[in-house]
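In what follows, a structure is listed as structure tokens, so that the remarks can point back to it.
The values are calculated or read from the model by the stated rules, or taken from the named source; none is laboratory data. It should be emphasised that the depicted structure is a prediction, and the values quoted were computed from it without experimental measurement. Cβ: placed from backbone, ideal geometry, glycine included. Neighbour counts: every protein chain shown. SASA here: full protein model, heavy atoms, side chains in, ligands and nucleic acids out. Shrake-Rupley method; radii C 1.70, N 1.55, O 1.52, S 1.80 Å.
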Amino acid sequence: MADTAHDDVKTLSFEAALEQLEQIVAKLESGKAPLAESIAIYERGEALKAHCETLLKTAEARIEKITLNREGRAVGTEPLDAG
């Protein structure tokens, strides 16, 4: 699959990419698309899936856990995965 064929995918928000991916899955599951179209939309689906995974990983990296003091007040943040 040539990434340049799906460059527009990189500009989509997570929600828009996920919506398109859901539409592709529904169309493929219906079995009504001709073979050539099925291959093309499957490839687009792969690009959408990769884009969604990238956006999720980026979001996870930004999530932080709020640290509280003894009184329950927020005093700072730390990475969510900090054991």
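Some points to look at:
- If you go through region 29-49 and keep only what is free of Cβ contacts under 8 Å to residues at least 24 places away in the same chain and in a helix (DSSP H, G or I), you end up with Glu29, Ser30, Leu35, Ala36, Glu37, Ser38, Ile39, Ala40, Ile41, Tyr42.
- Count of region 26-42 residues which are under 22 Å from Val9 (Cβ atoms) and open to solvent by 70 Å² or more (accessible area, probe 1.4 Å): 5
- Pair list, Cβ under 6 Å, 6 or more apart: region 17-28 residue under 16 Å from Ala40 (Cβ atoms), other residue at pLDDT below 95 and not in a helix (DSSP H, G or I): Lys27/Ala33
- For region 54-66, the criterion of being of a type in the set (Lys, Arg) and not in a helix (DSSP H, G or I) is satisfied by at least one residue.
- Failed item, numbered, when Leu56 is tested on (1) farther than 21 Å from Ala16 by Cα; (2) open to solvent by 80 Å² or more (accessible area, probe 1.4 Å): (1)
- Residues (surrounded by 10 or more Cβ atoms within 10 Å (Cβ to Cβ) and in contact (Cβ under 8 Å) with a residue 12 or more places away in the chain) located in region 69-83: Thr77, Glu78, Pro79, Leu80
- Residue list for region 1-51, filter: of a type in the set (Ser, Thr, Tyr) and modelled with pLDDT of 95 or more: Thr11, Ser13, Ser30, Ser38, Tyr42
- Flag for Ile66 being open to solvent by less than 50 Å² (accessible area, probe 1.4 Å) and among the hydrophobic types (A, V, I, L, M, F, W, C): no
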